[in-house]
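First up is the structure itself, then whatever we jot down about it.
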Amino acid sequence: MKKTISLFLFISLLPIIHVYGSEKTFLISPVFKYYFVDNDTVKFRELNDTKRNFIGGLDQLLLKSPLGSTLDFDLDVEKALIENNEYRGILNIFNKNDRDLFDFKMGINAFNRYYDNTGGHHGAITPSSFNIDRDLILFDGKLFATIAAPIFNFAHMDLEYLWHHKQGKSANLNWGAARTAPYTGNTRKFVPGFTNLRRENLHEFSLNLSKEIKGYEIEFKNDLAILREVPVREEHNRNSATPSMVRQITKLDGFNYAATLKTLKHFKEDRFIGSLVYRFEKGSSEENEDLRVFTEATGAQVSGHNRYGAEADNKISQHIWGINLLSDLGKNFFLTTRGRVNLKSRSSDATYPRDTDTDGIINNTNNIDTSDKGFGFGEQLILTYKGRTAFTPYLKAELEQNILKLTEDQVNTAAADDFYRTTKLKVYKFLVTGGFYSYPYRWMKLSAQGFTDNNIDSYKDTREIAGTPTSDKSAFVDDMRNRSYGTKTTISIRPLSWLYTDYRFQWSDTQFRMLKEAAPASVKSHSRTQKHMGVLTLIPWDYLTLIESFAYQKLETNTIAQDVSSVNLPKNKGGFNTFLSSLTYDVGDKLSLKADYQKTWSNDNFDDFSGTGLPVGIDHKFDNLHVEAGWKIRKNLEITPSYETGLYRISSRAHIDDYDYHLASVKATLKNF
Amino acid sequence: MIQKISFLIVVILLFSCTPKKEIVVNPPYFRNASRGAEYVGKETCATCHEKKVRDFKLADHFRIEVSGVEGVHGTSCEMCHGPGSLHVEGGGDKTKILNLKKDNESCFQCHLEKKAEFKLLSHHPVLEGKVKCTDCHDPHGSDVQPWSAVSIRGTNDTCFKCHAGKQGPLSYEHEALASSCTVCHNPHGSIHPKMLLQNDKNLCIKCHAQVDYPTIGKRSAHSGYSVQGTCWSAGCHTKPHGSNFDPHLRY
């Protein structure tokens, strides 16, 4: 991928030779940054998505130029930071008179993700965290090319290719074992684990043919996706004097094809629009897996946990029909009705061999055979009224009905893990949203929305293996009902020509209700969210803008776990506050100043976690100040020096360390020099 | 005393001036980003972008257009792309119009809270410029949210565009995914790792709750494990998205 990026950049820069010295548009912004970081540099890298120390490259590159008499060339690079592997840009060559005649694009979007390598944290025991000696960086890059052109006056063609490549190491949330006292005491799982993604390559091809026949717009699209992924998961245990580790090597191959045929027609001067869609999907995936547990020092296998040559072969196919009708009911009512029907079929065949001692010989094998078949319907209705001046109410309703038959058979050669069931699953969904947009005055905008969203999942087992208190062999849900209510309101007021105020409020309550098989009653859980966001924008003069914004969010989830004293778990809290302040001041034609201050903090998310054994609340604070000056030295040259400083503080109960950073940066922008 | 005087000045400033007729509430971002441009109306846009304008009636965002309001919200395209006169005068100059594929700020003018969520510890790198709102949302589409009951594409196809390894099909699929990835993740941002909505066992127990908890399903032996960590981090249910080999998503 990196060689391909270099090739892309080389090809992109070739036209500079052509452009230089002519009247064409040319803009280039090289940038140089230097980060000084104290304390937890790994956490800094993760949270800021950047390496520290020196980073250089391009912040922007624009090239616009005619290519001959009919074509235009347009290169737009948004980022090219070499140390960060960060590139984003599009090269476009098109017919200047009509893009439908020729339009070629080639683009790239690549970056690194960085991860903390300390896993979990347990402030109450020593050591409170562990460190794996790995640099966790995952490269994520996309390269694409599209070409659009007519084919022999027959139809218009859009051909696309995308290569999505990932490679590197990322942190897992599956953690290894430690103990509350060195090698003794209770087991707690917080030793870091990671996945080494040796490679993930996704190749996508798409061919879209479109043509208009007697007013009918017809599209036929073919999509093909081929995936190969090889992740290696490592989990380290530090619960004994002879540390062990788990290594799971997986090879995954995926194949998906979809064909979509769509027709759309406008009737009666666009007062009626109708479309029909048919889509066929066929996909498959194959997985091969080895999982071994061994002592790190000697490589000797640990008894009972080794699996070799596991294989799975899965297939899925789906037919989907859709209809979409929009009609103007009179002058001011707009009614959209949409429908969908789908048929789905999936089958899987897998074997899972296990070596339950250390001799390298398979002792028993799970043979797995699962399938599901079913169908579903979806309906949607949207009614919008635009008959009143400055007031638009709307109503949206959605219904969905799905029926699925699940068949799962797992036969173990030693009968230890036998599992089977046949379940008829019915899923019903019902969503209603109503609201309005309004301008009661020219200087005031008001919108409000209320909604309710209901899901009902009903499971009926017609064939099922019996479970026991110590072996979880059977499916167990009879009925699952989730219901959400919520409201959103936004009000924007501009009382003076230079003053803008916005306020948005959101509230929602989701109730989860599960009924276990043969249980006397269902159990309810709740998740409640409250969000407030206010923005105050002052533009007293064209050259001065001040924006102050504040966000407050409260999220609480209550479950039955907080009422059970033996394994007491407090309600989960995920609230936070954010304050943002931004000042832009154009001192004159040649100098502009900009300052941003941001503070995000959450300080009320820890309850008493003593009963859970592992504290996982989040209390933290993040501060950041950025100032920059834009100085136009000449008509075509601008220098932008900037300075940034920030800090990250986290509760010692939740993580290991903090960081402070300073950033010095300078950017030069040259235009048509 | 100083506070009272300051307050008085603010009140006088705010309420002594009756808003003038030409003051129209519109996104303040447009004032600087499209400086000098005027609203031209969707009919002008249609001269070049005919199909986009014609089909906009089918879009979710069509409902935002309010009749009888000159300027931003009576003009479909310009309510997101900003006033377009300079773009028109420049013969379609792309630098004179807001392009949502490059600039998310236009989206944040209405979706205020999303910008705050992208500032949280775990988030998709939108403000960093690595991902754009339009990578997941189609503002011209019938489903501006990535999925509805009548979408032709699958529930989580938007997520699978980048997270292809999670797509399956698998032998045992976590049925929560049939509802949506958002049952467990907030794709805009969260204070918890991996953009999880909850970072402890409440994430799972909110659905897997039963009267005889800590028994889960028919297995009562969860008490000993539940103090070791979360359901997915304590080495047990390590495949929360689905498994090819275990109905309980352990390996």
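Among what's in region A:324-343 and is exposed (fewer than 15 other Cβ atoms within 10 Å of the Cβ) and not aliphatic (A, V, I, L, M), pick the residue that is nearest to the other protein chains (Cβ to nearest Cβ).
So the residue we want is A:N332.
For A:S29, which of the numbered conditions (1) more than 29 Å from B:C162 (Cα to Cα); (2) in a loop (DSSP other than H, G, I, E, B) fails to hold?
Of everything listed in (1) more than 29 Å from B:C162 (Cα to Cα); (2) in a loop (DSSP other than H, G, I, E, B), A:S29 misses just condition (2).
Out of curiosity, is A:F550 under 19 Å from A:D619 (Cα atoms), part of a loop (DSSP other than H, G, I, E, B) and either in contact with a helix residue (DSSP H, G or I) (Cβ under 9 Å, 6 or more places away or on another chain) or more than 8 Å from every other protein chain (Cβ to nearest Cβ) (or both)?
no
Out of all the residues in region A:405-422, is one or more of a type in the set (A, V, I, L, M), touching a Gly at 6+ places or on another chain (Cβ under 7 Å) and more than 15 Å from A:G450 (Cβ to Cβ)?
no
Of these, B:I152, B:I191, which one is facing another protein chain (nearest Cβ under 8 Å), without any contact (Cβ under 8 Å) to a residue 24 or more places away in the chain and of a type in the set (V, I, T)?
When all the criteria are applied, what remains is B:I152.
For region A:513-526, enumerate the residues that are in contact with a helix residue (DSSP H, G or I) (Cβ under 9 Å, 6 or more places away or on another chain) and not basic (K, R).
A:V523, A:S525 - these are the residues of region A:513-526 that are in contact with a helix residue (DSSP H, G or I) (Cβ under 9 Å, 6 or more places away or on another chain) and not basic (K, R).
Which is among the hydrophobic types (A, V, I, L, M, F, W, C) and at pLDDT 85 or above, of B:C17, B:C45?
So the residue among B:C17, B:C45 that is among the hydrophobic types (A, V, I, L, M, F, W, C) and at pLDDT 85 or above is B:C45.
Can you list the helices (runs of 4 or more DSSP H) found entirely within region B:28-144 that contain at least 2 residues being touching a strand residue (DSSP E or B) at 6+ places or on another chain (Cβ under 8 Å)?
Those helices (runs of 4 or more DSSP H) span B:28-33, B:50-55, B:112-117.
Among the candidates A:T462, A:T487, single out the residue that is modelled with pLDDT of 95 or more, more than 7 Å from chain B (Cβ to nearest Cβ) and under 29 Å from A:E400 (Cβ atoms).
Exactly one of A:T462, A:T487 is modelled with pLDDT of 95 or more, more than 7 Å from chain B (Cβ to nearest Cβ) and under 29 Å from A:E400 (Cβ atoms), namely A:T487.
In this structure, does A:T545 turn out to be touching a residue at least 24 places away in the same chain (Cβ under 8 Å), within 7 Å of chain B (Cβ to nearest Cβ), β-branched (V, I, T) and assigned to a strand (DSSP E or B)?
Judged against the criteria, A:T545 is a match.
Could you check, for region A:287-298, whether at least one of its residues is touching a residue at least 40 places away in the same chain (Cβ under 8 Å), in contact with a Pro (Cβ under 9 Å, 6 or more places away or on another chain) and surrounded by 15 or more Cβ atoms within 10 Å (Cβ to Cβ)?
yes
Evaluate the following for B:L120: is it within 13 Å of chain A (Cβ to nearest Cβ), buried (at least 19 other Cβ atoms within 10 Å of the Cβ) and farther than 28 Å from A:G254 by Cβ?
Yes: the conditions hold for B:L120.
Do the conditions hold for B:G224, that is, is it within 7 Å of another protein chain (Cβ to nearest Cβ), out of contact with any Ser or Thr (no Cβ under 7 Å at 6 or more places or on another chain) and among the small types (G, A, S)?
So B:G224 does not fit the description; no.
Any residue that is surrounded by fewer than 21 Cβ atoms within 10 Å (Cβ to Cβ) and touching a residue at least 60 places away in the same chain (Cβ under 8 Å) - is there at least one of those in region B:28-43?
yes
Filter region B:233-251 down to residues that are of a type in the set (G, A, S) and either surrounded by 21 or more Cβ atoms within 10 Å (Cβ to Cβ) or assigned to a loop (DSSP other than H, G, I, E, B) (or both) and give me whichever is modelled with the highest pLDDT.
B:S243
Just for region A:566-576: of the residues that are facing chain B (nearest Cβ under 8 Å) and part of a strand (DSSP E or B), which one is farthest from the chain's Cα centre (by Cα)?
By that ranking, first place goes to A:N572.
Please work out which residue is nearest to A:S484 (Cα to Cα), limiting yourself to region A:453-469 and to residues that are aliphatic (A, V, I, L, M) and surrounded by 15 or more Cβ atoms within 10 Å (Cβ to Cβ).
For region A:453-469, the residue satisfying everything is A:I456.
Mind checking which residues of region A:514-529 are more than 8 Å from chain B (Cβ to nearest Cβ), more than 27 Å from the chain's Cα centre (by Cα) and either farther than 19 Å from B:A176 by Cβ or at pLDDT 95 or above (or both)?
A:A518
Can you pull out the residues in region A:251-273 that are assigned to a strand (DSSP E or B), more than 25 Å from A:F154 (Cα to Cα) and facing chain B (nearest Cβ under 9 Å)?
Scanning region A:251-273 gives A:L252, A:G254, A:N256.
So the check is Cβ under 6 Å with 6+ separation or different chains; which pairs have a first residue in region A:359-383 that's surrounded by fewer than 19 Cβ atoms within 10 Å (Cβ to Cβ) and a second one that's hydrophobic (A, V, I, L, M, F, W, C) and not in a strand (DSSP E or B)?
From residues that are surrounded by fewer than 19 Cβ atoms within 10 Å (Cβ to Cβ), the pairs are A:N364/A:A414.
The values are calculated or read from the model by the stated rules, or taken from the named source; none is laboratory data. Worth saying up front: this structure is predicted, and the values here are computed from it rather than measured. A quick note on method: Cβ atoms are made from the backbone with ideal geometry, for glycine too, and the neighbour counts reach across all protein chains shown.
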